[in-house]
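Worksheet: one structure, shown below.
Coordinate-derived values only; no laboratory data. A quick note: this is a predicted structure, and the numbers were derived from the prediction, not measured. Cβ placement follows ideal geometry from the backbone for every residue including glycine, while neighbour counts extend to all protein chains displayed.
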Amino acid sequence: MRHTISILIENEAGALSRVAGLYSSRGYNIESLTVAPTDDASLSRMTIVTSGPEHVIEQITKQTNKLIEVVKVVDLTDTAHVTRELMLVKLQAVGAAREEVKRLADIFRGKIVDVTESSYVVEITGECTKLDAFLSAVGQSQILEVVRSGATGMARGEKSLKV
Amino acid sequence: MELSGGEILFASLKEEGVEFIFGYPGGAVLHIYDALYKQDEIKHILVRHEQGASHAADGYARATGKPGVCLVTSGPGATNVVTGLATAHMDSIPMVVITGQVHQDMIGTDAFQECDIIGISRPCVKHNFLVSSLEDLAPTIKKAFHIATTGRPGPVLIDIPKNLTAPEVRIPFVYPKEVELRSYNPVTGGHLGQVRKAIDQLVIAKRPVIYFGGGAVQGEASEQLTRLGHELGYPVTGTLMGLGAYPSTDDLFIGMLGMHGTYEANMAMHECDVLLAVGARFDDRVTGQLKTFCPHARVIHIDIDPASIAKNVAVDVPIVGDVGRVLTEMLACLAETNQRAESDELAAWWQQINVWRDVDSYAYDRKSDTIKPQRVIEVMYEVTKGEAYVTSDVGQHQMFAAQFYKFDKPRRWINSGGLGTMGFGLPAAFGVKMAFPDSDVACVTGEGSIQMCIQELATCKQYNAPIKILNLNNGYLGMVRQWQEFNYESRYSSSYVDALPDFVKLAEAYGHVGIQIDKPADLEGAIREAFAQKDRLVFLDILTDTEENVYPMIEAGKGHHEMRLNPKRSEFI
């Protein structure tokens, strides 16, 4: 099963490689990983989307917690939570397809952030599945380039992950 | 007081109570070695290879419980300690390893003797630090010792760029009194509710087993463990790493468990209904086939490391905490209740265990006209009255030492159990001897292992470390040969050691005493003579039976109840 794990980690050189190294050395999956400093510049917030059987996920959270620079680890999947991912897609936009792409972007509540005579760049934010759905709706033949940020997320409600 | 980086390093080590550092100089640590020269409180031991430094510091740490300290240069100096770091990491041994790094301005330029030791060592240290400013040096050393010695111990590496130790750059020296790391707060005491649950399970057990590991040694839990064993009267078994944490000569001790453990210990594991695991990590060499591991047992697991719990085996009552403290809490909890296991049931359980004991699974041919390796260990045990510090390398000799030397005290049995590092024994014995110059220190080794760090014989000479080396020389890489005999139809692929050196002459060339024996009748006399020579290192080259196997054995994929016993046992039992 897919799990979204949030990590609060000291914002220090090499901290990211400790987490990434742990996953590779123990053979854990990483579907996506995002990281950036938080409002507290001494901390980074990392979101890892991973998958595996329950006992592996338990080991992942425990082993991640064991890293000296990791301050807190939460498996968001355990509770109600929100995840979002940002995607930029460069699409071919010539002739009839120009209007069609525009319409699809509207339906998915995307924004066209770059326009040329033959292409658009569409920005879309949402759950990973929504981004997947947009890509399949426009079709492979229209897609010139895709970049996705990987998912970030947090728990719903008042509960917060901070020091 | 203004100090340079090199001086800060030694002032900090002094604050940490460091006696010895094991090291080897080189370009990136020349400033540090100059600072070393100008002080006389910390004794530097010049090894002959950085790997030797790491194992010596490790042996020192295992025997004393204090962190072992190494100092090596950048590049190859640093990469040469990686095996030592991995060895210590697998067995949770506290160490602080200081590596020189090239000048900060040159990092990343492929400078002479530059390597990314932070990156290289990351998976085999508890933590590592690249010091980025002189102001950070003392606080980093403080953190390193704190991290290495608390929680589940382990090696910590500090990489210091050369420019930070330059003699002309000086800052006021203040060693931090305390260390606070918001991201690192290891638990200590166990959860009381869980402790009670554990006791509830233990007192209703019909076929209990207490299984302890290296954590009982590292957690200084020997006394509590022994009291708990006696209080309950339950059978106690220990892992290779735990030996000595519970007295091996105690009646309740049913021997080591696992691949080459006793028949009774492994059968008891298979049949037990409640298993109390104390500072053990359910290693594959201990559990055998997981599918058939302790099929009837409710498992209680005490460990300082939450990640060790339920890693390999599902646990019914997990208790995260310092094993010594948790056992103390358990003893207190036990004192509050009169409930104990039914004495009839327990007696029946012991009766069954004694039937297994009578199998005498370690039995070997005592009438052989070749020297049996088992006999060597038995004789050494008698000669040293069970009081020696015994280090080993890795292979058959290691198993024989673990099977036949009955350790009654913790920290006396020193071996690389997790990583299985050949070459560990000699430098480790040297490190132990530095800590305990008046105690007998023996290195049980084989002709394969001993050659992996043989150069440390010179270090032993230089610092007068009269250890005793028992080289069980069978001309084979014995454990490899044994597996090839069992699993590869005796195709001895590269397991025969041809062109062995003359170990007697080799020992003499290094300035030591060398003795070779090949007759059982000479064994006891030679070992007595070796240990009687208090001021000389004696290298006993003992030509043993070439094709003796370690029995009993749980082969790969088999369970505790499927042990292979010595097929020739009917001839000598």
* To do: Please give the helix B:222-232 orientation as an angle from the longest Cα principal axis of chain B, in degrees from 0 to 90, rounded to the nearest 10.
  => 20
* Asked: If one computes the Cα centroid of segment B:403-471 and of segment A:23-87, what distance in Å separates the two points?
  -> 43
* 15 Å tail of the calculated P(r), segment A:70-130, as % of Cα pairs -> 58
* Nitroxide proxy distance, nm - points 7 Å out along Cα→Cβ at residue B:14 and residue A:26 -> 4.2
* **Computed Kirkwood radius, in angstrom, where 1/r is averaged over Cα pairs of segment B:2-172** => 15.3
* Asked: To one decimal place, what Kirkwood hydrodynamic radius in Å is obtained for the protein assembly as shown from all pairs of distinct Cα atoms?
  -> 28.4
* Asked: One-quarter of the Cα convex hull surface for segment B:204-359, in nm²?
  -> 8.1
* Neighbour-count order for B:4, A:24, fewest beta carbons within 10 angstrom listed first -> A:24, B:4
* Distant-in-sequence amide H partners of residue A:81 (H built 1.01 Å from N, under 5 Å) -> A:156
* segment B:142-159 and segment A:115-163: distance between their alpha carbon centers, rounded to Å -> 42
* Structure fact -> Taking only the Cα positions of segment B:104-230, the convex hull volume per residue in Å³ is 168
* Debye equation applied to the C-alpha atoms of segment B:449-544, log10 I(q)/I(0) at 0.13, 0.23 Å⁻¹ -> -0.52, -1.14
* To do: Starting with the fewest neighbours, write out B:250, B:358, B:393, B:283 ranked by other beta-carbon atoms found within 10 Å of each beta-carbon.
  => B:358, B:250, B:283, B:393
* Would you please put B:477-487, B:108-118 in order of how densely packed they are, using the mean number of other Cβ atoms within 10 angstrom per residue and starting with the highest? => B:477-487, B:108-118
* Could you list the residues of segment B:152-187 with an amide nitrogen less than 19 Å from a label point located 7 Å from the Cα of residue B:103 in the Cα-to-C-beta direction? => B:160-170
* To do: Taking the Cβ of residue B:230 as the centre, find all other residues whose Cβ is under 13 Å away and add up their charges (Lys, Arg: +1; Asp, Glu: -1).
  => -2
* Partner chain coverage, peptide B:295-306 - average Cβ within 10 angstrom -> 1
* First select every other residue whose beta carbon is under 14 angstrom from the beta carbon of residue B:251; then total the charges, Lys and Arg +1, Asp and Glu -1. => -1
* **For chain A, convex hull of alpha carbons as volume per residue, Å³** => 138
* To do: Would you order B:49, B:44 from fewest to most other beta-carbon atoms within 10 Å of each residue's own beta-carbon?
  => B:44, B:49
* What is the extension gain from residue B:462 to residue B:292, computed as 0.36 nm multiplied by their sequence separation minus the C-alpha to C-alpha distance, in nm to one decimal? -> 56.0 nm
* Asked: Around residue B:327, what is the net charge, scoring Lys/Arg as +1 and Asp/Glu as -1 over all other residues with Cβ under 10 Å from its Cβ?
  -> -1
* Structure fact -> Given a Förster distance of 22 Å, the FRET efficiency implied by the Cβ-Cβ spacing of residue B:436 and residue B:504, rounded to the nearest 0.05, works out to 0.25
* Structure fact -> The set of residues whose placed amide H lies less than 5 Å from the amide H of residue A:11, leaving out same-chain residues fewer than 5 positions away, is A:43, A:44
* Asked: If the cut-off is a Cα-Cα distance under 19 Å, which lysines reach residue B:311, setting aside same-chain residues fewer than 8 apart in sequence?
  -> A:62, A:66, B:126, B:291
* Structure fact -> Checked against a 28 Å limit on the C-alpha separation, the offending pairs among B:372/B:534; A:162/B:143; B:143/B:406 are B:143/B:406
* Assuming R0 = 45 Å, can you tell me the calculated FRET efficiency for the pair residue A:40 and residue B:345, based on Cβ-Cβ distance, to the nearest 0.05? => 0.20
* Whole-Hz Karplus ³J(HN,Hα) for segment B:367-377, in order, using 6.51 cos²θ - 1.76 cosθ + 1.60 and θ = phi - 60°, x for Gly and Pro? -> 9, 4, 8, 10, 6, 8, x, 4, 5, 4, 5
* Asked: Cα-Cα pairs above 30 Å in segment B:373-550: how many percent?
  -> 11
* To do: List the pair-distance distribution P(r) of chain B, using every Cα-Cα distance, as the percent of pairs falling in each 10 Å bin from 0 up to the bin containing the longest distance, rounded to whole percents.
  => 4, 18, 26, 25, 18, 8, 2, 0
